[in-house]
Amino acid sequence: MASDQKLDPIKNAKVLMVGAGGIGCELLKTLALSGFTDIHIIDMDTIEVSNLNRQFLFRQSHVGQSKAKVARDAVLRFRPHINITPYHANVKDPEFNVDFFKQFNVVLNGLDNLDARRHVNRLCLAADVPLVESGTTGFLGQVTVHIKGQTECYECQPKPAPKTYPVCTITNTPSKFVHCIVWAKDLLFAKLFGDKNQDNDLNVRSSDSANSSESAKDVFERRKDEDIEQYGPRIYDHVFGYNIEVALGNEETWKSRNRPKPIYSRDILPDKLFHQNGNLNKDGETDDTSSVSAMPCLGLKNPQDIWSLVENSRVFLESLKLFFTKRAKDVGNLIFDKDDQLAVEFVTAAANIRASSFGIPMHSLFEAKGIAGNIVHAVATTNAIIAGLIVIEAIKVLRNERNKLRMTYCLEHPSRKMILMPVEPFEPNKSCYVCSETPLSLEINTSRSKLRDFVEKIVKNKLGMNFPLIMHGSALLYEVGDDLEEDMVANYAANLEKVLAELPSPVTGGTMLTVEDLQQEFTCSINIKHREEFDEEKEPDGMVLSGWIQARTTENGERSAVTNGESTSKSSNTAVLEEESDDIEIISTEVSVIPSGTKRKLAEISVNNSVNSPSAGDLVSKKSLEHGDGNNSVVMIDGEELEGSKKKRLH
Amino acid sequence: MDSEELTEQETALYDRQIRVWGVDAQRRLSKSHILVSGMKGTVVEFCKNIVLAGVGSLTLIDDTPVNKEAVSANFLIPLDENEFGGKSLAQACRDALKEFNPMVGVSVEKGDLSSFEGDFFDKFSAVVVSGCSLATKKLINEKCRKRLKQIAFYTVDCKNSCGEIFVDLQSYTYTQKKLDETIECQLQYSSFEEAVSVPWKALPRKVSKLYFALRVLEKFEEVEGRKPGDVSIEDLPSALKLKKEICDGQSFNEVNVPDSLLERLLQGNKEHPPVCAIIGGILGQEVIKAISGKGDPLKNFFFFDAVDGKGVIEDISAPNSGA
């Protein structure tokens with residue numbers, strides 16, 4: 001009897017799950033078994049083969065279908081009489097507004113990226129609905145509970161910044177394999193196969209070094225009637241030979257570094273190999289462009305093998321050729337995608353040749369793909385454990401057992417004998433700009449930066465706003481929405497191109513701006529401070545937001561430009577390594593927060609953890625590479641990209 | 001050589017986890033054979049995890065006919081009474097598990113676990129038993145230990161919101177990566193019988209109270225001649241009496257075995273699904289570690305209690321074990 005009564009709050013609860021992936025599948029199953037009867041799931045993703053090793057509700061035959069819908073059907077087989085409502089949609093869509101969130105008793109996140117997590121956090125705060133947040137990577141995981149006014153919100157602690165690298169390291173002085181990957185992916189691949197109109201540092205650097213910028217710009221362009229058998233080697237020789245020779249000319253650079261070795265195709269591949277390369281193209285008849293691959297034609301099978309320089313060179317030339325012959329229609333608008341086999345082959349080969357030139361150890365395609373795609377390690381067991389912990393917390397929330405709430409870490413190595421370690425939730429951070437309305441301050445050159453820069457780099461990237469509205473006092477400077485009058489739209493468009501100080505209501509040092517997101521029902525104030533100069537390498541945005549952001553980090557004494565919030569997708573001064581993160585994000589923050597010892601209840605743990613848990617340390621360093629978001633997951637930084645990537649995935 | 005390599009299909013399917021434990025570990029997993037007995041919620045969770053991970057084969061033992069109660073914490077069996085069709089739990093679970101990963105062979109063995117001869121166990125790399133008596137745990141553990149081949153032995157049980165795992169890897173050697181070095185480590189395990197025979201007074205002061213409470217219940221079932229798990233809150237007075245006898249016999253302070261904990265364990269005979277997921281997840285990881293030789297395996301008990309939320313490892317070994 002008593003237990004029946006206790007079950008009631010579960011039976012009567014209406015819960016929202018965001019994400020039906022690694023954690024989501026486990027969570028939905030455990031919720032259904034635990035007696036939940038009204039579950040709503042939002043997930044915009046479709047099922048992929050690499051999901052099947054852990055997202056156990058999905059089968060091979062489901063590949064390409066909506067995760068939310070297939071997950072629902074699978075669970076209804078063993079719990080036919082409960083209500084599961086799937087939404088194959090992006091949680092950032094306007095239909096999921098504060099009123100939508102208000103109908104739920106608790107929201108459970110099984111998300112894979114920072115941006116969506118922040119968005120859900122704000123909606124939960126605005127709707128005053130408790131949020132149980134989670135993340136896993138490999139054997140590590142954690143669950144936290146966020147209740148407005150009682151515990152910290154998801155954004156009370158700074159989140160780790162995406163790792164970015166100074167452009168000169170990427171273009172001139174790589175010292176690690178990851179630098180070569182970033183170069184191959186963000187510069188060379190983008191240059192050869194991507195949008196020609198985008199800024200690309202290969203342009204800048206080659207025009208710097210060449211005699212005339214005119215000719216340098218055309219180097220990467222395939223000339224009219226240029227045979228592909230000539231074009232490939234020409235590109236090869238330019239980037240691995242000529243450019244290295246030019247760089248070697250700058251003696252200053254190499255005083256304290258090993259000098260790279262220029263590599264020319266003719267030295268690596270004798271003539272007859274070239275021929276072979278061209279003739280071995282056996283499976284050229286396929287119509288399915290996604291299956292185009294250079295490896296089989298070259299007799300390379302095992303993605304775990306590390307190719308020789310000769311093999312890398314052949315893969316480079318072959319994959320480049322295949323892009324122009326088999327996938328000509330894609331060339332000019334390709335974006336690196338870790339699931340694009342040919343793109344991964346090209347990037348692996350290019351990165352390895354460059355690595356070889358700079359005396360950096362080469363890597364297998366498997367490893368290179370992991371780095372380039374920022375693939376997060378994932379196993380079923382951790383997701384299952386974390387899902388169990390989420391349900392335990394959700395039940396406490398529903399039973400209103402607020403003093404029993406815990407945040408729990410799942411560790412790889414025991415700390416004080418524990419591998420599941422509960423700690424008391426933290427109190428809200430009084431200076432959190434999200435849940436406590438503390439004003440932020442922004443240093444910016446008000447007579448040079450345009451409103452557009454402010455909107456893109458601060459409001460969207462840093463503050464994670466979806467539908468922003470910007471006000472100076474009572475004057476509206478900018479607004480996004482479907483129902484705006486035409487003249488207003490024109491007005492805002494004009495404002496975007498104006499520098500701050502020349503706006504109708506001028507924004508200068510001392511101005512207080514109010515920025516609001518109507519969907520998230522979230523407002524914050526920003527104190528503007530005028531500043532004349534910014535360091536291009538360290539402050540590539542040309543503006544510095546403070547009040548909540550973490551300190552800059554340095555790595556190996558190198559100056560590294562670290563951005564806060566998400567990757568600055570098109571910053572011309574830094575190359576950002578983006579990631580596909582599977583269910584993770586939050587863990588890195590928290591694990592890296594522990595050793596800092598600033599948190600009272602974690603003080604004791606922190607010591608043990610940093611000593612006994614090399615994995616936590618590994619994680620921090622590994623995670624520092626991983627941020628932003630990849631092709632696989634929900635959120636890109638700005639709305640347009642989001643739309644684009646979504647549409648692509650749906651067809 | 002080629003057969004040593006993972007197939008393209010395996011590489012694609014296991015991509016994310018190979019990034020966690022490497023190709024060698026994946027290869028070893030795919031050559032392993034696991035036996036489980038007692039298809040309740042926790043074991044079902046465990047089976048899901050190792051089938052997804054890609055073990056070579058999994059053999060299930062549980063002749064209990066499928067009924068409504070048996071599937072309460074079981075997501076493998078469609079909840080359609082017409083479909084039960086007189087199948088045993090093991091048979092019904094096999095059908096669903098096969099679908100999870102076509103590369104894993106899942107089969108059923110009929111019969112009483114304790115009646116299998118020693119050489120039956122030679123087929124397996126790991127044996128997991130659940131929901132069986134104290135005597136059966138000891139017996140199967142001993143049978144595994146007597147084989148020439150090393151067979152990892154586990155017991156797992158969930159009661160209400162609590163769970164326990166016991167591990168016996170006998171004499172276990174594995175490599176540990178510390179920074180750039182690889183160190184060879186060796187662990188000596190006690191058998192279940194040796195472990196539970198360690199005088200309670202000899203144990204460190206802070207050992208999880210669950211350990212004692214679960215031993216009392218185990219003993220209670222034995223002396224009362226009950227089937228495993230066939231106890232209820234009605235048994236509380238006699239269980240408390242037995243607890244006192246045991247504690248007195250061992251000159252052990254009764255406070256370490258709180259009445260309230262025993263009461264809680266007797267109260268809920270149903271498994272708590274989130275706890276099954278947690279215990280089944282930890283056990284899955286442990287078996288994967290033991291087979292792949294990667295990572296520190298737990299030694300030798302694990303306890304989880306949803307009430308305090310702690311997942312604790314305790315080493316309860318005979319001082320002279322394996323010497």
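The values are calculated or read from the model by the stated rules, or taken from the named source; none is laboratory data. These figures come from a predicted structure and were not determined experimentally. Every residue, glycine among them, receives a Cβ derived from its backbone with ideal geometry; neighbour counts consider all protein chains shown.
Tally up the residues in region A:228-249 that are hydroxyl-bearing (S, T, Y) and closer than 11 Å to A:I263 by Cβ, please.
Of the residues in region A:228-249, the ones hydroxyl-bearing (S, T, Y) are A:231, A:236, A:242.
Cutting the leftovers down to closer than 11 Å to A:I263 by Cβ gives us A:236, A:242.
So the answer is 2.
How about region B:170-211: which of its residues are part of a loop (DSSP other than H, G, I, E, B) and away from chain A (no Cβ under 14 Å)?
B:Q170, B:Y189, B:S190, B:S191, B:V198, B:P199
Look through B:C93, B:C158 and report the one residue that is in a helix (DSSP H, G or I) and within 14 Å of another protein chain (Cβ to nearest Cβ).
Of the residues listed, the single one that is in a helix (DSSP H, G or I) and within 14 Å of another protein chain (Cβ to nearest Cβ) is B:C93.
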Is there a residue in region B:58-78 that is at pLDDT 90 or above, within 12 Å of chain A (Cβ to nearest Cβ) and in contact with a Phe, Trp or Tyr (Cβ under 6 Å, 6 or more places away or on another chain)?
yes
Tally time: how many residues in region B:16-45 are facing another protein chain (nearest Cβ under 9 Å) and not aliphatic (A, V, I, L, M)?
6
Do we have any residue at all in region A:51-61 that's of a type in the set (G, A, S), surrounded by 17 or more Cβ atoms within 10 Å (Cβ to Cβ) and either out of contact with any helix residue (DSSP H, G or I) (no Cβ under 9 Å at 6 or more places or on another chain) or outside the structural domain of A:G388 (by TED's automatic domain parsing) (or both)?
no
List, please: which pairs have Cβ atoms under 6 Å, are six or more places apart or on different chains, and start with a residue in region B:241-256 that is in the same structural domain as B:L217 (by TED's automatic domain parsing) and end with one that is surrounded by 11 or more Cβ atoms within 10 Å (Cβ to Cβ) and part of a loop (DSSP other than H, G, I, E, B)?
B:K243/B:V257
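So, in region A:107-128, of the ones that are aliphatic (A, V, I, L, M) and buried (at least 22 other Cβ atoms within 10 Å of the Cβ), which residue ends up nearest to the chain's Cα centre (by Cα)? It would help to see each step written out before you state the result.
Pass one, region A:107-128, residues aliphatic (A, V, I, L, M): A:107-108, A:111, A:114, A:116, A:120, A:123, A:125-127.
Among the residues that remain, those that are also buried (at least 22 other Cβ atoms within 10 Å of the Cβ) are: A:107-108, A:111, A:114, A:116, A:120, A:123, A:125.
Details: A:V107: 23, A:L108: 21, A:L111: 12, A:L114: 8, A:A116: 11, A:V120: 17, A:L123: 21, A:L125: 24 Å.
Selected residue: A:L114.
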Quick one: B:E193 ticks every box in (1) closer than 20 Å to B:Y154 by Cα; (2) modelled with pLDDT under 95; (3) out of contact with any strand residue (DSSP E or B) (no Cβ under 7 Å at 6 or more places or on another chain) bar one, so which box is it?
(2)
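For the structure I just gave you, tell me whether B:S238 is in a loop (DSSP other than H, G, I, E, B) and more than 11 Å from chain A (Cβ to nearest Cβ). Quick ask: steps written out before the conclusion?
On the way: in a loop (DSSP other than H, G, I, E, B): no; more than 11 Å from chain A (Cβ to nearest Cβ): yes.
No; evaluated as a whole, the condition is false for this residue.
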Suppose we keep only residues that are in contact with a helix residue (DSSP H, G or I) (Cβ under 6 Å, 6 or more places away or on another chain), over 22 Å from A:I39 (Cβ atoms) and buried (at least 24 other Cβ atoms within 10 Å of the Cβ) within region A:372-407. Which one would you say is farthest from the other protein chains (Cβ to nearest Cβ)?
A:A372
Is it true that some residue in region A:420-428 is touching a strand residue (DSSP E or B) at 6+ places or on another chain (Cβ under 8 Å), within 14 Å of chain B (Cβ to nearest Cβ), charged (D, E, K, R) and at negative phi?
yes
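Name the single residue that is nearest to the other protein chains (Cβ to nearest Cβ) among those in region B:101-119 being in a loop (DSSP other than H, G, I, E, B) and out of contact with any helix residue (DSSP H, G or I) (no Cβ under 6 Å at 6 or more places or on another chain).
We begin by selecting, within region B:101-119, every residue in a loop (DSSP other than H, G, I, E, B); these are B:101-104, B:109-112, B:116-117.
When the remaining residues are screened for being out of contact with any helix residue (DSSP H, G or I) (no Cβ under 6 Å at 6 or more places or on another chain), the result is B:102-103, B:109-112, B:116-117.
Working: B:P102: 8, B:M103: 10, B:E109: 24, B:K110: 24, B:G111: 27, B:D112: 28, B:F116: 28, B:E117: 32 Å.
Filtering first and then ranking leaves B:P102.
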Read through the list (1) at pLDDT 95 or above; (2) facing chain B (nearest Cβ under 10 Å); (3) crowded, with 24+ Cβ neighbours inside 10 Å, then give the number of the only condition that A:A355 fails.
(2)
Looking only at region A:453-477, count how many residues are surrounded by fewer than 21 Cβ atoms within 10 Å (Cβ to Cβ) and farther than 25 Å from A:K159 by Cβ.
6
